[in-house]
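The values are calculated or read from the model by the stated rules, or taken from the named source; none is laboratory data. In this text, all values refer to a predicted model and were calculated from it rather than measured experimentally. All Cβ positions, glycine included, derive from the backbone under ideal geometry; neighbour counts span all protein chains shown. Keep in mind that these areas ignore ligands, DNA and RNA; they rest on the heavy atoms of the full protein, side chains included. Shrake-Rupley method; radii C 1.70, N 1.55, O 1.52, S 1.80 Å.
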Amino acid sequence: MDCTENAVTIAAIVHNHKAAADAPLLAFVQRLQSQGLTVRGLVPGPPGTLDDRGARTLLDLEQGTLYPIDHDPGKDPNACCLDPGALLVAGVVLRRVMESGADLVIVNRFGVLEAEGGGFSAEMLELMAKGYPLLTVVAPAHLDAWRKFTGGLATELSPDIDAMANWFDETVRNRMPLRPGLILRKATLPPLL
């Protein structure tokens, strides 16, 4: 990726409930992929099982690998269920993007671990420093930490596929070189009077 341009192409879908963001994010990824764009990274995967309860997984968009990221918190109901070691393993997906490139990188969440400097924060910073367009999801509880993390330079989006598409078109697609086979999004023309 040529990073001579210093334009910031970072956005976060801000949601009040993760289910409100996941479906539009996945639909947006599918839309871009159907247009011939290379979208890589990690998105929420289907739930797995952990002691007969739903367990969160991450899906590698490039290879289709599922990464379980929960662990049993034991008897402490307030303990974090995320497994930092599992996130470290899944982080290979984001590090691989830096070698293979992408038109857009998805990081499933900027959550509690990232807000504290862990989780995928190192990979996200490196992707941003290298100029990769990055899209993630942030809950209101972590929004202040996200703003500090990005220096206030990230765009905040509603969990709406059209909002994501508009952000992508305005900040990423307009600077992309034309490639053979790339399908450009059709412009919506105003009705004729």
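Remarks
- The accessible area of Met128, taken with all protein chains in place and a 1.4 Å probe, comes to roughly 40 Å².
- Sites Leu143 and Ala27 - FRET efficiency at Förster radius 22 Å, r taken between beta-carbons, to 0.05: 0.45
- Of Lys148, Lys130, the order by accessible heavy-atom surface (1.4 Å probe, DNA, RNA and ligands excluded), from most exposed downward, is Lys148, Lys130.
- Compared with the alpha-carbon gap, the fully stretched path from Asn16 to Met98 is longer by 26.4 nm at 0.36 nm per residue.
- Förster radius 22 Å - calculated FRET efficiency between Ala122 and Glu170 (Cβ-Cβ, nearest 0.05): 0.20
- Ranking by accessible area, most exposed first, for Tyr132, Tyr67 with a 1.4 Å probe: Tyr67, Tyr132
- Net charge of the neighbourhood of Glu126, taken over other residues with C-beta under 15 Å away and scored Lys/Arg +1, Asp/Glu -1, is +1.
- The listed residues His17, His142 rank as His17, His142 when sorted by accessible area, largest first, using a 1.4 Å probe.
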